[in-house]
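Colleague: Below are the structure tokens for one structure; questions will follow.
The values are calculated or read from the model by the stated rules, or taken from the named source; none is laboratory data. Everything numeric here is computed off the predicted structure, so don't read it as measured data. Calculation scope for accessible area: heavy atoms of the full protein, side chains included, ligands and nucleic acids excluded. Shrake-Rupley method; radii C 1.70, N 1.55, O 1.52, S 1.80 Å.
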Amino acid sequence: MSSGTSDTTRTGPGPGADGDRTATEAPAPAPETVAQPVNAGQPSDAAHPDVPGRRRETGQAEVTEKPKATGPDSAPAPTSEDTRASKAVRDGEKTEDDDRAEKDSRTKDDSKTEDGGKAGGGSKAEDGKKAEDGGKAEGGSKAEDGKKAEDSGTAKDGKDAPGGADTGTEPADPWQAFGPAPVTVPGRLRRATRAVGRFLVHEWTLATLGSLVLAVLLTWPTLRYPLYTLPQDFYDPALQAWQIAWSGHILLTDPAQLWQANTFYPESWSFAFSDTLLGYAPAGMIGTGPEAALLRYNILFVLAHALATLGAYALARQLGAGRIGAAVAGVSYAYAPWLLAQAGHLHVISNGGIPLALAMLARGHGWSLRYGYRPKRRHAGWALAGWLVAAWQLSLGFGIGLPFAYVLAGVVLVATLTWYLRRYWIRPVRHPFGARLLITDVVGGLVFAATGALLSIPYFTVAEQHPNARRSIADIDIYSPPAVGFLTAPAESRIWGGLHEGARAALPWHPEMTLLPGFVLYALALGGLFFSVWRLRHRLLLLAGVLVSMVLAMGTRFFGGTFTYAPLVEHLPGWDGIRTPGRLMLWTTLLLGLLAAGTLTAFAMRVREIAAQRIPAWPGPWLRTATLLPLLLVVVEGLNATPHPVVPPQPAAMRTVPGPVLVLPSGQNLDQPVMLWTTTKFQDVVNGGSGFTPVKLAETREATQTFPDPASIDHLRRLGVKTVVVPRGQAAGTPFEVAVEMPVDALGIRREEIGDAVVYHL
């Protein structure tokens, strides 16, 4: 369109169609059918005040500007058909060329206008009624006759009008009511709520919560009076409560002195006289004093059971067991009757890192006992986590950590040889393992090996300084259980303890010889040899592992251990420090649990198959409930009757006197609570209890039997002791009960009473 074009030279939909009409023009009648513009609904420049062909407000009046030709992009000149059609529309008449004009109008809708917008928004006219520009374009024009224009995209006769394209709307679909509801995008709060809900019902969340709840219930009343009682007795548990407190205290104050503990004065490397539970050091950094140490110990005792349950559950699930089977494996591993006799040994109870590390390593390498090796499921992060958990487990003590290290080394060796032969010789594959996972294994293996090497240095040093710390075959023979021990429960078992009292009486050292893993577990594992999801060769391998671990757990009772346990003591580094072979029953229990998980998984699968074949699915619900019965029986066998004695309270003098201190009377069991009493000031004390007695401590105990007298005082002064504390409660019934009343003026020492204890200053 060139400049000077009259108002009557343009018809049909297009930008400025309404604005180009004069006040005397009547709106054109809507055509019967008009095709939707191609670019309907796109934004235009109609709202901009500088765009030609649009109205601009000047005060209260509206003026119409005519578009001017600005160049080669301007609109084409009108044709004769355009002129005739436009005139006919103004006169309110319907000419015979309406159809041609309508087609020409639709053609012009697709062309670009001079303002760069798309043509559209054709008018819809209806005499005496409102009309609105298509889509109410920004700055859309009003008809100059004073009536509003409303473009709904629908003509008076109900058919689509060309103006519908400008609004971006489509004709109503009569079938829309039967279609699906529009998808609504949830907001941030709803997405967060859904994520939290999915997390709470996730299998691993439920498994973790279930393990914690079960741990609280099956260790009860451990958390009933956690500030005053300890499970089983207050001897070894008091020692281990001190170990956790010492490691946390010294790592915060002077980490270089970690192994130079404040007990067994004046011995060096005394922290390595027994398993250290060093992995619990972060917990030892919280709180001070005996009450904090007791609370810390009791909480860790419960958490150790929960971790053992969760770890064995994770391992069984990773190997391919179902949920019920994995739950039985987890519960039987953590609450086997024989473990109830180990309630006073936190380093034995803290075994959950073993199955958890194995599960993570298997997950990281994409390996499952049921499905084999699946390369697509490899994940280097899980493999690294497995190595770190294994290193943490080793830091809790070599009592069960050392056999784990050798088992892990054997698994790595066999897996490496099998992988090499199958991938490079039998079925050659160019990168079968993956460089990232290989690097992860190398780094993780080095971390694990370095942890073991660094922790072993103090123990080898102690073994050199104290030859009596080494275990001989004769020492191991004292704690080696006979075969009947595998069918005998400890006194701490609520179900079998009273029934097996006679069998325990025949055992020389029943706390380490009552090794019953559970009769229900035996039955389920036996069934797993014949009916299981595991392949036959895997069942046979699990059975072989059970038998080998039981033979090793017998120590020297299996043909003298000549070809079983003795070679381990003689040839494997560190094995001579393990005096209780029966604790290898840990591996027997784990393998029996995996066999049981296989048979329960197969049973659950069979239940689903039976239920699927019947309509309704009967007896599916009842059979599914029956799968819970083995789990319930395993839980019942794990019920405990463990005593929880009150720990002797800390004498007030132990909170104030300086060290080095000797507390009398002294003895293996008496000294372990004394170690706990030092957790307020951590002053040096001569007292100490561990797996062996140093020579100097034995000499001091012998020399102080007649304290206070010149000989004992002279011995203590040469040793460097400055203070002797005699608690009256601990001295009751001993020679010290009378000795504390004797005068000491002639001995050159000073005597005073602090609370219920008598304190001698040398």
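Colleague: Tell me the per residue accessible area of the range 607-689 using a 1.4 Å probe; a whole number in Å² is fine.
Modeller: Averaged over the residues of the range 607-689, the accessible area is 44 Å².
Colleague: May I have the extent of the alpha carbons of the range 337-463 along their three principal axes, as whole Å values ordered from largest to smallest?
Modeller: In descending order, the Cα extents are 51, 36, 24 Å.
Colleague: Can you work out the base-10 log of I(q)/I(0) for the range 337-387 at q = 0.16, 0.22, 0.31 1/Å, using the Debye formula on its C-alpha atoms alone?
Modeller: -0.56, -0.73, -1.08
Colleague: Something else about it: Given H placed on each backbone N at 1.01 Å, which residues far from residue 754 in sequence or on other chains put an amide H within less than 5 Å of it?
Modeller: Answer set, sorted by chain and number: 759.
Colleague: Mind listing the long-range amide H neighbours of residue 493? Cut-off is under 5 Å, sequence gap 5 or more, other chains count too, H placed in the peptide plane at 1.01 Å from N.
Modeller: 641
Colleague: Once phi is turned into ³J(HN,Hα) by the Karplus curve 6.51 cos²θ - 1.76 cosθ + 1.60 with θ = phi - 60°, what whole-Hz value does each residue of the range 641-654 show in order, with x for glycine and proline?
Modeller: Coupling constants for the range 641-654: 10, 6, x, 10, x, 7, 6, x, x, 5, x, 4, 5, 6 Hz.
Colleague: Please state, rounded to one decimal and in Å, the Kirkwood hydrodynamic radius that the range 307-401 gives when every pair of distinct Cα atoms enters the mean of 1/r.
Modeller: After inverting the pairwise mean of 1/r, the radius is 13.7 Å.
Colleague: Still on this structure, please answer the following. At q = 0.08, 0.11, 0.17 Å⁻¹, what log₁₀ I(q)/I(0) does the range 606-762 have when each alpha carbon counts as one equal point scatterer in the Debye sum?
Modeller: -0.39, -0.52, -0.97
Colleague: Related question: On average, how much accessible surface per residue is there in the range 305-457, in Å², for a 1.4 Å probe, leaving out ligands, DNA and RNA?
Modeller: For the range 305-457, the per-residue accessible area is 41 Å².
Colleague: In addition: Residues with amide H under 5 Å of residue 232's amide H, sequence separation 5 or more or different chain, H placed in the peptide plane at 1.01 Å from N; which?
Modeller: It is 644, by chain and number.
Colleague: Quick check: convex hull of the Cα atoms in the range 234-279, volume per residue, rounded to a whole Å³?
Modeller: Numbers: hull volume 3.3 nm³, N = 46.
About 71 Å³ per residue, rounded to a whole number.
Colleague: So if the hydrodynamic radius of the range 539-602 is defined as the Kirkwood radius over C-alpha pairs, what does Stokes-Einstein give as its diffusion coefficient at 37 °C and 0.692 mPa s, in µm² per second? The partial results should precede the final answer.
Modeller: Numbers: Rh = 12.6 Å.
The calculation lands on 260 µm²/s.
Colleague: Can you tell me the equivalent ellipsoid semi-axes for the range 170-311? Use √(5λ) from the Cα gyration tensor, largest first, whole Å.
Modeller: In descending order, the three semi-axes are 54, 19, 12 Å.
Colleague: When the gyration tensor of the range 676-762 is built from Cα positions, what are the square roots of 5 times its three eigenvalues, in whole Å, from largest to smallest?
Modeller: That gives 20, 17, 14 Å for the three semi-axes.
Colleague: Still on this structure, I have one more. Using the Kirkwood radius over Cα pairs, work out the Stokes-Einstein diffusion coefficient for the range 642-721 at 10 °C and 1.306 mPa s, in µm²/s as a whole number.
Modeller: My calculation gives 118 µm²/s for D.
Colleague: Now for a different question. Provide 741, 609 ordered by accessible surface of protein heavy atoms (probe 1.4 Å), highest first.
Modeller: Accessible-area ranking of 741, 609, largest first: 741, 609.
Colleague: Using only the C-alpha atoms of the range 268-316, find the volume of their convex hull and express it per residue in Å³.
Modeller: Cα-based convex hull of the range 268-316, divided per residue, equals 104 Å³.
Colleague: On the protein heavy atoms, probe 1.4 angstrom, tell me the percent of accessible surface of the range 333-446 carried by carbon and sulfur. Don't skip to the end; give the middle numbers.
Modeller: Working: 3740 of 5230 Å².
Carbon and sulfur together cover 72 percent of it.
Colleague: Still on this model: Which whole number of Å³ per residue matches the convex hull of the alpha-carbon atoms in the range 479-570?
Modeller: So the per-residue Cα hull volume is 111 Å³.
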